[in-house]
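Engineer: There's a structure below that I have some questions on.
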């Protein structure tokens, strides 16, 4: 494991070092010390590396991640794993607003709670939250899966497209065009695999599935008050 000190080298210096790595490098395991809540740590990584961050991070940590495995040993600020393409981002603590926003692929695991708008406009990412999520989570979610092992706040899945939402606890209320759906065998199998990948223990039978009623795809004057 190679250690870098964010306090002395700064975010730009550390990110530049990681960006310069060739994909066939033998230097595959990195430890970033003293993050001190700084923003944009380990953004734009493009290779099969493992990056561990020893402490809390600020905004957009792990954004635009591709192939890398990023482990945050602490809490994360706004937009962790924003626009993620592939790989894994794991937060051992809690995450602030807009976790996994616009994510196209990969897996984001938040072992604690996530704040509002978790998974906003997700486009293929899988997000597993060990605790609860705040209001407007999965707003305009297009593809992918959001798994919530706790409760979901107000307006879950508002204006959702084709993403699948699995909630173990209570959903305070559902947003426009989001409804509860049947939990079929293929959904139980999918959920079991997601929990296994996330290394989070929960019983599949305790979850409910939510998704789109498909009433907002095209404007309909009879449904104008729902827009």
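The values are calculated or read from the model by the stated rules, or taken from the named source; none is laboratory data. None of these values were measured; they are calculated from a predicted model. Every residue, glycine as well, gets a Cβ built from its backbone with ideal geometry; the counts of neighbours run over all protein chains shown.
Engineer: Identify the single condition in (1) in contact with a strand residue (DSSP E or B) (Cβ under 6 Å, 6 or more places away or on another chain); (2) within 26 Å of residue 86 (Cα to Cα); (3) touching a residue at least 40 places away in the same chain (Cβ under 8 Å) that residue 159 does not satisfy, given that it satisfies every other one.
Structural biologist: Failed condition: (1).
Engineer: With respect to residue 45, determine if the residue is without any contact (Cβ under 8 Å) to a residue 40 or more places away in the chain, within 24 Å of residue 143 (Cα to Cα) and in contact with a helix residue (DSSP H, G or I) (Cβ under 9 Å, 6 or more places away or on another chain).
Structural biologist: Numbers: without any contact (Cβ under 8 Å) to a residue 40 or more places away in the chain: no; within 24 Å of residue 143 (Cα to Cα): yes; in contact with a helix residue (DSSP H, G or I) (Cβ under 9 Å, 6 or more places away or on another chain): yes.
So residue 45 fails the test.
Engineer: Within the range 51-89, count every residue that is assigned to a strand (DSSP E or B) and surrounded by fewer than 22 Cβ atoms within 10 Å (Cβ to Cβ). Spell out how you get there, then give the answer.
Structural biologist: Kept after step one, since they are assigned to a strand (DSSP E or B), are these residues of the range 51-89: 51-54, 57, 66, 69-72, 76, 88-89.
When the remaining residues are screened for being surrounded by fewer than 22 Cβ atoms within 10 Å (Cβ to Cβ), the result is 52, 54, 66, 69, 71, 88.
Total satisfying the criteria: 6.
Engineer: Determine whether the range 207-221 contains at least one residue that is modelled with pLDDT of 95 or more, assigned to a helix (DSSP H, G or I), closer than 15 Å to residue 126 by Cβ and in contact with a strand residue (DSSP E or B) (Cβ under 7 Å, 6 or more places away or on another chain).
Structural biologist: no
Engineer: One residue is enough: does the range 9-16 have a residue meeting the conditions in contact with a strand residue (DSSP E or B) (Cβ under 7 Å, 6 or more places away or on another chain) and at pLDDT 95 or above? Let's see the steps before the verdict.
Structural biologist: Of all residues in the range 9-16, those in contact with a strand residue (DSSP E or B) (Cβ under 7 Å, 6 or more places away or on another chain) come to 14.
Of the ones still in play, those that are also at pLDDT 95 or above are 14.
Yes, the range 9-16 contains at least one residue that is in contact with a strand residue (DSSP E or B) (Cβ under 7 Å, 6 or more places away or on another chain) and at pLDDT 95 or above.
Engineer: Taking the criterion of being at pLDDT 95 or above, within 23 Å of residue 59 (Cα to Cα) and assigned to a helix (DSSP H, G or I), would at least one residue in the range 120-130 satisfy it? Before the answer, list the steps.
Structural biologist: Going residue by residue through the range 120-130, those that are at pLDDT 95 or above are 120-130.
Going one step further and asking which of them are within 23 Å of residue 59 (Cα to Cα), we end up with 120-130.
Among the residues that remain, those that are also assigned to a helix (DSSP H, G or I) are: none.
No, the conditions are met nowhere in the range 120-130.
Engineer: Go through the range 110-131 and give me each residue that's touching a residue at least 40 places away in the same chain (Cβ under 8 Å) and more than 13 Å from residue 152 (Cα to Cα). Talk me through it step by step, then tell me what you get.
Structural biologist: So in the range 110-131, the residues touching a residue at least 40 places away in the same chain (Cβ under 8 Å) come out as 111, 119, 122, 125-126, 128, 130.
Residues satisfying the conditions are 111, 122, 125, 126.
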